[in-house]
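J.: Before I ask anything, let me first share the structure, which is written out below as structure tokens.
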Amino acid sequence: GDLALLTQLAEQQGVQIVKQNEFMPLWYRLSVTGNSAGDAVQMANAFYETGLFEEIDPAFMFNFQSNCTNDPMFDQLWGLQNRTYGYDINACRAWTILMDMG
């Protein structure tokens, strides 16, 4: 609950505070940089081990590319094509079929 502590630790570890989650204001997205003391997993572990934070989630950001839509927000729709565990919605395939029927 203390942004000053988060900011201080991020500076010490060379981690960038990217943004505050607009829907969950106590959550922040951080990013490792070339100056970070480790990779994403190592930094998540370092933050966790301080005991200052209730929860740490080393959620990995993916850069989803799509050639099935010109929607600039497509990469934010992770459930459509999340490439994790085979639980994709396969929206691109459905949209392609619909466009072909068009």
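The values are calculated or read from the model by the stated rules, or taken from the named source; none is laboratory data. Since this is a predicted model, take the numbers as computed values, not measurements. Virtual Cβ from ideal backbone geometry, glycine too; neighbours counted across all protein chains shown. Calculation scope for accessible area: heavy atoms of the full protein, side chains included, ligands and nucleic acids excluded. Shrake-Rupley method; radii C 1.70, N 1.55, O 1.52, S 1.80 Å.
J.: Is there a residue being modelled with pLDDT under 90 and over 18 Å from the mean Cα position of the chain (by Cα) anywhere in the range 32-45?
T.: Checked the range 32-45: no residue is modelled with pLDDT under 90 and over 18 Å from the mean Cα position of the chain (by Cα).
J.: OK, next. For the range 4-14, what are the residues that are over 15 Å from residue 42 (Cα atoms) and open to solvent by 80 Å² or more (accessible area, probe 1.4 Å)?
T.: The answer is 8, 11.
J.: Still on this model: If only one of 56, 17 is touching a strand residue (DSSP E or B) at 6+ places or on another chain (Cβ under 9 Å) and surrounded by 11 or more Cβ atoms within 10 Å (Cβ to Cβ), which one is it?
T.: The unique qualifying residue is 17.
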